[in-house]
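Trainee: So that we are looking at the same thing, I have put the structure below in structure tokens.
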Amino acid sequence: MKRLLPLLLVAACTAVPGKPGEREIFNAGLRQAWANEAQTMSAVRPPLRFANGRTVRDCHGYLAERGSGTIDEAVNNRAIAQAYLVCDALAQLDQAKALAPAAALPPSYGRELLQRLDLRSFPSSLRPRLGEKFTLAAIGDAVPQIETHAVTLETEDWRYRFEVIADIVAADGGREWLVWFSDEAKAGNYRGYATLRLPVSTSRGLIAAIAAP
């Protein structure tokens, strides 16, 4: 088995099918984790503490606690949570039905996120300053870096990155993008990480995120 990437945040330019049922997985580290799911789920990770005082060290423990609890908000603990993003993603892939039709895939997920993601729909350090500007395109503090599957916005003090890691047909039959979100202060030690589900449709309106699981 190839060595798993520690944080699984390496972007990939091409997509390949996963296991039978074909999920469109764009992130290289996640593809590797999905191909070796059993090993990924049981791999020992840095201890992550939940608000109830319990500590987990692998995906099995994390998902069991995540269903009913919240992660302890201590700064170092929030940084450790990045190593568990893959657990959320694998859980969503397990529940997925299939791959969205190739004809429906957008030419740039990054541009779609820039213009359509509703920043009010999930917790982030951006929330207090949104006002009437609630998309990345409307913020205007910095020039966004747009990639095929991601968009990054850097201001003088913050770095925000949204990466579409997979495009799936969810268990309810609706289409969803799975997104890894990183929210990092350049000064200080604030770190926030989340796996988001973005239910999408053919409409051109805003996309509201749902925290996974």
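The values are calculated or read from the model by the stated rules, or taken from the named source; none is laboratory data. Note that the structure is a prediction, hence the values are computed from the model and not measured. Here the Cβ positions follow ideal geometry from the backbone for every residue, glycine too, while neighbour counts run over all protein chains shown. Calculation scope for accessible area: heavy atoms of the full protein, side chains included, ligands and nucleic acids excluded. Shrake-Rupley method; radii C 1.70, N 1.55, O 1.52, S 1.80 Å.
Trainee: Please go through segment 28-54 and pick out each residue that is more than 17 Å from residue 165 (Cα to Cα) and surrounded by 14 or more Cβ atoms within 10 Å (Cβ to Cβ). Walk me through how you get there before you give the answer.
Mentor: We begin by selecting, within segment 28-54, every residue more than 17 Å from residue 165 (Cα to Cα); these are 38-39, 41-54.
41, 43, 45, 46, 48, 49, 50 - these are the residues of segment 28-54 that are more than 17 Å from residue 165 (Cα to Cα) and surrounded by 14 or more Cβ atoms within 10 Å (Cβ to Cβ).
Trainee: Among the residues of segment 170-196, what is the count of those that are closer than 16 Å to residue 207 by Cβ and among the aliphatic types (A, V, I, L, M)? Talk me through it step by step, then tell me what you get.
Mentor: Looking only at segment 170-196, we keep the residues that are closer than 16 Å to residue 207 by Cβ, and these are 170, 174-181, 194-196.
Going one step further and asking which of them are among the aliphatic types (A, V, I, L, M), we end up with 170, 178-179, 194, 196.
Qualifying residue count for the region: 5.
Trainee: Name the residue that is most open to solvent (accessible area, probe 1.4 Å), counting only residues in segment 148-175 that are acidic (Asp, Glu) and under 24 Å from residue 90 (Cα atoms).
Mentor: That would be 172.
Trainee: What tally of residues in segment 22-63 results from selecting those that are of a type in the set (D, E, K, R) and either within 19 Å of residue 77 (Cβ to Cβ) or without any contact (Cβ under 8 Å) to a residue 12 or more places away in the chain (or both)?
Mentor: The total comes to 5.
Trainee: Out of all the residues in segment 57-74, which are more than 26 Å from residue 36 (Cα to Cα) and open to solvent by 60 Å² or more (accessible area, probe 1.4 Å)?
Mentor: Correct list: 68, 70, 73.
Trainee: So which of 174, 188 ends up being without any contact (Cβ under 8 Å) to a residue 40 or more places away in the chain, small (Gly, Ala, Ser) and in contact with a strand residue (DSSP E or B) (Cβ under 6 Å, 6 or more places away or on another chain)?
Mentor: Values: 188 fails: in contact with a strand residue (DSSP E or B) (Cβ under 6 Å, 6 or more places away or on another chain).
From the options 174, 188, the qualifying one is 174.
Trainee: Any chance you could count how many residues in segment 184-193 are surrounded by fewer than 20 Cβ atoms within 10 Å (Cβ to Cβ) and part of a strand (DSSP E or B)?
Mentor: Restricting attention to segment 184-193, the residues satisfying the condition of being surrounded by fewer than 20 Cβ atoms within 10 Å (Cβ to Cβ) are 184-192.
Next, only the ones that are part of a strand (DSSP E or B) stay: 184-185, 191-192.
So the answer is 4.
Trainee: Can you give me the ranges of the helices (runs of 4 or more DSSP H) entirely in segment 23-105 with at least 1 residues that are modelled with pLDDT of 95 or more and touching a Cys at 6+ places or on another chain (Cβ under 8 Å)? Working first, answer last.
Mentor: Details: elements: 28-35, 37-42, 59-66, 75-80, 85-95.
Fully inside segment 23-105 and qualifying: 37-42, 59-66, 85-95.
Trainee: Let me ask you something else. With 115, 145 as the choices, which residue is of a type outside the set (Gly, Ala, Ser), more than 16 Å from the chain's Cα centre (by Cα) and closer than 18 Å to residue 204 by Cα? Write out each step before concluding.
Mentor: Working: 145 fails: closer than 18 Å to residue 204 by Cα.
Answer to the selection: 115.
Trainee: Still on this structure: How many residues are in contact (Cβ under 8 Å) with a residue 12 or more places away in the chain and either under 19 Å from residue 201 (Cα atoms) or of a type in the set (S, T, N, Q) (or both) if we restrict to segment 151-161?
Mentor: The initial filter retains those residues of segment 151-161 that are in contact (Cβ under 8 Å) with a residue 12 or more places away in the chain, namely 151, 153-161.
Restricting the remaining residues to those that are either under 19 Å from residue 201 (Cα atoms) or of a type in the set (S, T, N, Q) (or both) gives 155.
Residues meeting the conditions: 1.
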